[in-house]
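Enquirer: Below is one structure. I have some questions about it.
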Amino acid sequence: MLQIDLRGKKAFIAGIGDDHGFGWAIAKALAEAGAEILVGTWAPVLKIFTTSLANGKFDESRKLSNGGMLQFLKIYPIDALFDQMSDVPEEVRTNKRYAELSQYAVADVVKEVEKDFGKIDILVHSLANAPEVTKPLLETSRKGYLSALSSSSYSFISLLSHFGPIMNAGGSALTLSYIASERVIPGYGGGMSSAKAALESDTRTLAWEAGRKWALRVNAISAGPYRSRAAKAIGMIDHMIDYSLANAPLAKELDGEEVAKAAAFLLSPLASAITGEVLFVDNGLHVMGLSATPKNGAAPG
């Protein structure tokens with residue numbers, strides 16, 4: 001039987017801060033396949049995440065199909081806005097949410113991972129943020145726009161450029177995108193659509209560069225609307241899901257496990273000849289060019 005086997009592989013997943021997002025779902029899928037999981041959690045929420053984990057808040061979500069529990073080899077604080085600790089401004093260093101932390105810039109996290117575990121095999125970028133995401137693009141400030149690109153797209157470049165040298169040949173990197181990269185999604189603003197477009201373009205270029213430099217594969221998943229905590233914060237997720245249910249070829253809500261299984265495939269040796277790909281996992285919504293109403297030929301029901 002053909003199976004995904006990641007036994008003996010180590011995966012670093014950047015962007016897990018709770019048990020609701022794609023990062024968590026991917027961690028579980030990789031663990032189910034036998035991989036060992038390292039986590040990078042956004043520095044300001046590290047304490048909340050680790051406390052919730054220790055107190056058993058996520059125990060139900062941690063259950064694996066074999067009866068075991070999702071385990072993390074180590075959880076690292078990370079803020080992918082900064083490549084080096086020297087880049088961190090004083091107001092961030094002294095902020096109460098950062099004050100107890102010392103090594104959370106990308107380069108420092110990679111050094112810690114190498115010191116603790118040597119090389120890794122898998123890198124997952126599950127990071128996105130735009131401080132002005134609720135603003136239309138025409139009302140987005142330069143600072144807000146550049147922040148969205150820095151947090152949501154350049155962070156992938158930074159992670160791969162620093163982790164690449166400590167990844168085993170044949171390893172794989174994955175990022176998460178959204179169809180706003182190529183379609184207009186009213187309400188998804190603040191430069192996030194631009195950031196996703198850049199992320200997909202970067203995925204193709206990084207596939208070439210990281211493939212030739214380190215023999216790594218680089219892919220992206222463009223996931224459909226999903227009720228994660230981050231999506232709820234935008235304030236339009238219910239409308240997005242309703243639209244998908246009404247118009248996608250598969251009339252069902254997207255499950256995080258469906259994205260995670262696709263991620264596990266792309267990150268595994270089963271996808272050894274796939275790189276530079278943006279794979280849609282969205283119940284087929286991306287193929288539609290017209291709203292599926294009875295007037296234009298939607299199936300009854």
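Enquirer: When you check I157 against the structure, is it among the hydrophobic types (A, V, I, L, M, F, W, C), without any contact (Cβ under 8 Å) to a residue 60 or more places away in the chain and either over 19 Å from W42 (Cα atoms) or assigned to a strand (DSSP E or B) (or both), yes or no?
Expert: No: the conditions fail for I157.
Enquirer: Still on this structure, I have one more. In the stretch 42-55, how many are under 19 Å from M69 (Cα atoms) and of a type in the set (V, I, T)?
Expert: Residues that pass the stated criteria total 2.
Enquirer: Continuing with this model, one more query. Which fully enclosed helices (runs of 4 or more DSSP H) of the stretch 189-262 have 3 or more residues being at pLDDT 95 or above and crowded, with 21+ Cβ neighbours inside 10 Å?
Expert: Of the helices (runs of 4 or more DSSP H) lying wholly inside the stretch 189-262, those with at least 3 residues that are at pLDDT 95 or above and crowded, with 21+ Cβ neighbours inside 10 Å span 192-214.
Enquirer: When you check I185 against the structure, is it closer than 25 Å to L250 by Cα and either of a type in the set (K, R) or in a loop (DSSP other than H, G, I, E, B) (or both), yes or no?
Expert: So I185 fits the description; yes.
Enquirer: While we're on this one: For the stretch 115-147, enumerate the residues that are touching a helix residue (DSSP H, G or I) at 6+ places or on another chain (Cβ under 6 Å) and assigned to a loop (DSSP other than H, G, I, E, B).
Expert: Selection gives K119, S126, L127, A128, N129, A130, P131, E132, V133.
The values are calculated or read from the model by the stated rules, or taken from the named source; none is laboratory data. If you're wondering where the values come from, they're calculated on a predicted model, not measured in any experiment. As a convention, Cβ positions derive from the backbone with ideal geometry for all residues, glycine included, and neighbour counts pool all protein chains shown.
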